[in-house]
Amino acid sequence: MLTPKKVFVDTIVTQLSLLSSGVLIETEESQNGPPRVKRILVPGAYQDKNLHALHFPSKDILVLEGSVIGYKQGHNVFGPCDVPSLVLDGHIAMHRKEAFRLSGKDQRRVEDGSGVEVKRLDVGVNFALPDGVSTTRALVELAHEMVDKGMNTSTYGYGETVYRNQHSQSSALKFYDKAKELTDNKGLPANLPNREAVMDFAKSIIRCEVVLRHPKLKAMEMTKPKDCTFTMLKSELENAIGRMNLKRSVRAGLTSLDLRDVKQMYHTTYRCWEHGDDLETLLEPKAYKRQLAYFDSIGFDIRTPPPVSGEETPLGDIFTLSNAVEPPPELWGDDDDAEAVEC
């Protein structure tokens with residue numbers, strides 16, 4: 001059952017048509033930026049967890065963007081899915097940090113949601129990893145099936161990030177290694193409470209996000225924060241993930257080598273080896289000797305059989321909303337019964 005504690009909203013982009021110009025602090029006005037646009041930083045309490053805004057004085061438009069859950073709690077591994085509250089929290093933070101002070105009229109319009117238009121929402125869930133299956137392995141097999149089915153697929157790294165329709169102006173679907181992303185981006189803030197426990201949870205899951213852009217939000221009548229209910233967010237997740245119809249399986253045990261650390265030219269050899277192909281037959285003697293030497297140099301022997309347990313897990317059992325997990329209770333931070341409240 002998909003509950004609000006399993007769903008979260010990460011990046012949010014909103015646009016506010018101002019009734020009055022507001023007050024931009026002097027230090028921000030002096031910053032360099034595109035003509036007629038003021039760039040505004042909303043500093044957070046945690047390192048690198050800030051919000052950003054653009055003020056267009058000639059049009060009296062304010063665009064606010066960023067991960068509000070990351071700004072509030074110091075990470076975006078999980079969090080709430082209450083869009084109206086998150087949008088309000090973002091504007092309150094901007095006002096209180098004196099990055100941009102809203103007029104009284106505009107404050108009330110933000111509070112009741114009437115003046116804010118949602119331009120983008122990243123709606124996410126975390127999928128549990130089966131025992132013996134690495135994030136890398138699951139994402140690699142996912143990418144291969146998506147390509148085989150002719151899906152518009154983009155990949156980054158080896159088993160790091162897989163997109164469907166990445167550049168669509170309507171909606172996109174993204175799967176990635178959250179723990180790897182955190183590591184590549186300086187990790188979690190040093191002053192984050194339960195820092196190690198949050199990272200341990202990130203290592204146990206695969207992240208999935210549906211990126212909803214303005215044309216899609218408009219078609220779904222979700223351009224106002226109050227329209228972005230849990231029911232609507234759940235529906236978009238179900239539609240995006242349900243269309244995948246995955247058939248391929250992933251084998252347990254192939255975790256002894258992380259191919260992100262292996263030269264690209266040797267990936268094909270590894271793929272052949274893990275599928276049980278006879279490398280001595282496939283490769284010329286000199287090439288075989290060279291490949292053996294390379295893998296030996298990184299402490300891996302391709303002369304031995306793949307270390308598989310024989311157990312296979314269908315990708316459809318991993319990348320499905322029934323496999324979505326919520327964070328451990330001790331990390332959530334409260335005892336509220338989230339299932340009883342619709343976001």
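The values are calculated or read from the model by the stated rules, or taken from the named source; none is laboratory data. What you see is a predicted model, and the numbers here were worked out from it, not measured in a lab. Side chains are part of the model used for accessible areas, which takes the heavy atoms of the whole protein and leaves out ligands, DNA and RNA. Shrake-Rupley method; radii C 1.70, N 1.55, O 1.52, S 1.80 Å.
What translational diffusion coefficient, in µm²/s and rounded to a whole number, does the Stokes-Einstein relation yield for the stretch 129-258 at 25 °C and a viscosity of 0.890 mPa s, taking the hydrodynamic radius as the Kirkwood radius over Cα pairs? Let's see the in-between values first.
Numbers: Rh = 16.5 Å.
D, rounded to a whole number, is 149 µm²/s.
Where is the GNM fluctuation largest for the chain (alpha-carbon springs, 10 angstrom cutoff): Phe127, Phe300, Phe78?
Answer for the Gaussian network model of the chain: Phe300.
Carbon and sulfur together cover what percent of the accessible area of the stretch 179-319 at a 1.4 Å probe radius? Spell out each step's value before the answer.
On the way: 3760 of 7640 Å².
Heavy-atom surface of the stretch 179-319 belonging to carbon and sulfur, 1.4 Å probe: 49 percent.
Could you sort out which of Lys97/Lys178; Lys97/Lys186; Lys49/Lys178; Lys178/Lys263 sit more than 18 Å apart by Cα distance in this structure? Intermediate results must be reported in sequence, preceding the final value.
On the way: Lys97/Lys178 29 Å; Lys97/Lys186 25 Å; Lys49/Lys178 16 Å; Lys178/Lys263 23 Å.
Beyond 18 Å between Cα atoms: Lys97/Lys178; Lys97/Lys186; Lys178/Lys263.
If the chain between Arg303 and Cys272 were fully stretched, how many nm would it gain, using 0.36 nm times the residue separation less the Cα-Cα distance? Kindly include the intermediate steps, with their values, before the conclusion.
Details: separation 31, 0.36 × 31 = 11.16 nm, distance 1.21 nm.
Here the segment from Arg303 to Cys272 would lengthen by 9.9 nm.
Kirkwood Rh over Cα pairs of the chain into Stokes-Einstein at 4 °C, 1.567 mPa s: D in µm²/s?
Working: Rh = 22.2 Å.
Reported coefficient: 58 µm²/s.
Which of Gly242, Gly124, Gly276 moves most in a GNM of the chain, Cα contacts under 10 Å?
Checking each option, the largest mean-square fluctuation is seen for Gly276.
When the helices in the chain are scored as -39500 (n - 2.57) per DSSP H run of 4 or longer and the sum is shared across all residues, what 222 nm value do you end up with, to the nearest 500 deg cm²/dmol? Let's see the in-between values first.
Details: 14 runs with 115 residues, N = 343.
It lands at -9000 deg cm²/dmol.
Which of Val125, Val210, Val140 moves the most in a Gaussian network model of the chain with Cα springs under 10 Å?
Highest fluctuation among the options: Val140.
Contour minus end-to-end for Ile92 and Lys263, with contour as 0.36 nm per residue of separation and end-to-end as the Cα-Cα distance? Can you show the working numbers first?
Working: separation 171, 0.36 × 171 = 61.56 nm, distance 4.79 nm.
That pair, Ile92 and Lys263, stretches by 56.8 nm at full extension.
Measure up Lys5/Lys180; Lys174/Lys218; Lys72/Lys149 against 31 Å on the Cα-Cα distance and list the ones that go over. Don't skip to the end; give the middle numbers.
Numbers: Lys5/Lys180 23 Å; Lys174/Lys218 21 Å; Lys72/Lys149 40 Å.
Violating the 31 Å Cα-Cα cut-off are Lys72/Lys149.
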